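Visitor: Would you mind keeping the following structure in view while I ask a few things?
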Amino acid sequence: MREGVVGAEEDVVGAEEDVAGAERGQVEDGSEAITAEDDAELWRLERARQGWAELRDATRAARERKRARHLWLDDGDDPADDGDAPGRDGANLQGGHDGPADDDGDLARTRRWRMTASEATTWGALAAVLTALPAALDVQLRQDAGMRLVEFRALAWLATAPRQAAQLAVLAEALAISQSHVSRVVGRLEQRGWLRRVADLDDGRGMRAELTATGLDAVRGAAPEHLREVRRLVVGGLPTADLAQLEQTSRRILEAVRPGYCLRLPY
């Protein structure tokens, strides 16, 4: 495709030079100025030049997209590979690189973190879910229950905890948020009377969050609509085999992220 664009550009440039030469010849011979036909031809050539410039820019953009894709993908597993020679459009898993490689070790290290096409598409889909799903559930809870997703998770986790209480550090770990974040969440819930902070008798320097009766009523009231939304967005339309596969895959990822984490029902 690149060769075709270059060749077309050369044809247009050559035609423009011919017309320019004709203009110079007319001036030197003392002939009349450019005729209407010549003017129309110049206009046509200008339109053609603009069209090929747009095509050239589109080709360059496609090449840049491929260059970016090669930063992640293994060329050997990329079905969209258009056959360009390795190294022409940037680094790739086969060791191609723009210009001479200064350090073969850098290329070897690069090869280790790149993905195959199937890995990249799977990760892209999962990353999108990790962004979009919590946002959608947060919107539902704000609208239906007047609470945020992280607040609902805190209340639901405490509702299933022993004595419906836990150290703030334990709650932060369970919610996968920082100590400062869990303090802000607990503060908001405490203001609404949904939980209270008390001194931890097992650790005089720490604090515990205890779910109140009002907080238990709040999470029980929010749960039905929230679970209905979870069913609609995630599990409701999946056959049993897909549910089992989703659970198995989720547990495997969780074990890699948080080894030994004790998974329990959230509600």
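Visitor: In nm, give the distance between the simple-model label positions of Arg192 and Gln50, each being 7 Å from the Cα along the Cα-to-Cβ direction.
Guide: 5.8
Visitor: What is the sum of charges around Ala176, taking Lys and Arg as +1, Asp and Glu as -1, for the other residues whose C-beta is under 10 Å from the C-beta of Ala176?
Guide: Values: positive: Arg153, Arg258; negative: Glu173.
Spelling it out: positives minus negatives among the neighbours equals +1.
Visitor: If you rank Met147, Met115 by fewest surrounding Cβ atoms within 10 Å, what's the result?
Guide: Working: Met147 22, Met115 17.
Final ranking by Cβ density, sparse to dense: Met115, Met147.
Visitor: Let me ask something else. From the backbone phi of segment 186-197, what are the Karplus-calculated ³J(HN,Hα) couplings (6.51 cos²θ - 1.76 cosθ + 1.60, θ = phi - 60°) in whole Hz, Gly and Pro given as x?
Guide: With coefficients 6.51, -1.76 and 1.60, one gets 4, x, 5, 5, 5, 4, 8, x, 8, 7, 9, 9 Hz.
Visitor: Taking amide H positions as placed 1.01 Å from N in the peptide plane, with prolines and chain starts having none, which residues 5 or more places from Thr116, or on another chain, fall under 5 Å of its amide H?
Guide: Here Asp74 satisfy the definition.
Visitor: Another question, then. Which part of segment 144-174 falls in the paramagnetic zone of Met207, meaning amide N under 14 Å from the point 7 Å along Cα-to-beta-carbon?
Guide: Answer for this model: 166-172.
Visitor: Give me D for segment 120-257 in µm² s⁻¹, whole number, from Stokes-Einstein with Rh from the Kirkwood sum over alpha-carbon pairs, 37 °C and 0.692 mPa s.
Guide: Working: Rh = 16.5 Å.
Translational D for this selection: 199 µm²/s.
Any read-out appearing in this document is the output of simple, stated calculations on the displayed coordinates, not a laboratory observation. Computed from a predicted model, the values in this text were never measured in an experiment. Because the Cβ atoms are built from the backbone with ideal geometry, glycine has one as well, and the counts that use them run over all protein chains shown.
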